[in-house]
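These notes concern the structure reproduced below.
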Amino acid sequence: MLHIIEHPLLAEELTKLREPSCPSPEFRHRVRRIASLMVPAVTANFHSTVVPCTTPLEITSGTHVTRRIILVPILRAGLGFLDGFLDLIPQASVAHIGLARNEQTLVAEPYYLKHPPKLSEDEIIILDPMLATGGSAIEAVRSLREVGACHLRFACLVASPEGVAALESAYPEIDIYAGSLDRGLSDQGYILPGLGDAGDRLFGTCA
Ligand code: PRP
Ligand code: URA
């Protein structure tokens with residue numbers, strides 16, 4: 001199911017981010033702030049249990065988030081999304097998955113996967129600013145399922161209708177969280193209106 005996170009602060013950050021004149025340092029800061037603004041919505045239904053809580057005055061009841069949290073940025077651009085999540089969830093572990101879209105075929109090709117052992121009980125949030133054709137997200141879910149992940153969700157900054165449909169069709173049980181649902185895809189597989197190549201803009205590797 002798709003959840004569009006609607007918030008005026010997020011929408012304003014995204015507006016400034018889309019502008020081609022936004023330089024890499026500013027782009028990185030804005031992506032980080034947007035990621036933090038998304039955290040409450042992305043994690044709102046995490047399981048929790050009631051635990052005793054001792055204050056300086058008395059004993060009351062408190063909350064414990066039951067499952068370990070694993071953040072999985074898709075390299076490279078997902079790294080730009082990571083710190084904003086870690087700012088609010090510093091206790092999370094981080095797994096990395098390396099995928100690169102073949103520029104001609106648009107197929108996501110895996111090149112790296114490193115994760116903590118025993119993922120089956122964990123809350124796993126896959127992070128990638130862009131959900132375009134959906135190929136990278138689908139490959140990330142497939143790879144993580146293969147190594148035992150069960151409770152997966154996907155968080156992105158900008159999604160295309162085509163990418164959402166592809167991911168929902170492949171994995172209907174996965175919740176997708178997006179800061180914006182854009183209009184569509186260009187012939188080259190770029191999101192329209194989008195923000196260009198997120199990895200290049202984050203890391204200053206634009207041509
Ligand atoms: C971009 C982006 C996503 C992917 C989305 O990565 O960061 O991972 O494309 O496109 P898709 O939905 O069509 O798969 P890219 O492969 O360009 O690598 P990069 O992050 O290293 O720039
Ligand atoms: N990857 C990006 O970085 N941008 C797009 O628009 C599509 C895929």
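The values are calculated or read from the model by the stated rules, or taken from the named source; none is laboratory data. In this text, all values refer to a predicted model and were calculated from it rather than measured experimentally. With ideal geometry, Cβ positions are generated from the backbone for all residues, glycine too; neighbour counts draw on all protein chains shown.
Tell me the residue from G80, G84, G98 that is within 16 Å of ligand 1 (Cβ to nearest atom), of a type outside the set (D, E, K, R) and in contact with a Ser or Thr (Cβ under 7 Å, 6 or more places away or on another chain), please.
G84
On the given criteria, is I70 among the aliphatic types (A, V, I, L, M), away from ligand 1 (no atom under 13 Å from the Cβ) and either outside any helix (DSSP H, G or I) or over 16 Å from the mean Cα position of the chain (by Cα) (or both)?
Yes.
Go through the range 1-36 and give me each residue that's in contact (Cβ under 8 Å) with a residue 40 or more places away in the chain and farther than 21 Å from R183 by Cα.
Within the range 1-36, C22, S24, F27, R28, R32, R33, A35, S36 qualify.
From L37, L9, which residue is part of a helix (DSSP H, G or I) and either within 16 Å of ligand 1 (Cβ to nearest atom) or surrounded by 15 or more Cβ atoms within 10 Å (Cβ to Cβ) (or both)? Outline the logic, then answer.
On the way: L9 fails: either within 16 Å of ligand 1 (Cβ to nearest atom) or surrounded by 15 or more Cβ atoms within 10 Å (Cβ to Cβ) (or both).
On inspection, the qualifying residue turns out to be L37.
Here is a list of conditions, (1) among the charged types (D, E, K, R); (2) outside any helix (DSSP H, G or I); (3) within 14 Å of the chain's Cα centre (by Cα), and D83 meets all of them except one; can you say which number that is?
(2)
Among the residues of the range 97-156, what is the count of those that are under 25 Å from M1 (Cβ atoms) and hydroxyl-bearing (S, T, Y)?
Residues that pass the stated criteria total 4.
Only residues that are touching a residue at least 40 places away in the same chain (Cβ under 8 Å) and polar (S, T, N, Q): list them for the range 130-168, please.
Across the range 130-168, the qualifying residues are T133, S136, S143.
Does E173 meet the test of being acidic (D, E), modelled with pLDDT of 95 or more and part of a helix (DSSP H, G or I)?
So E173 fails the test.
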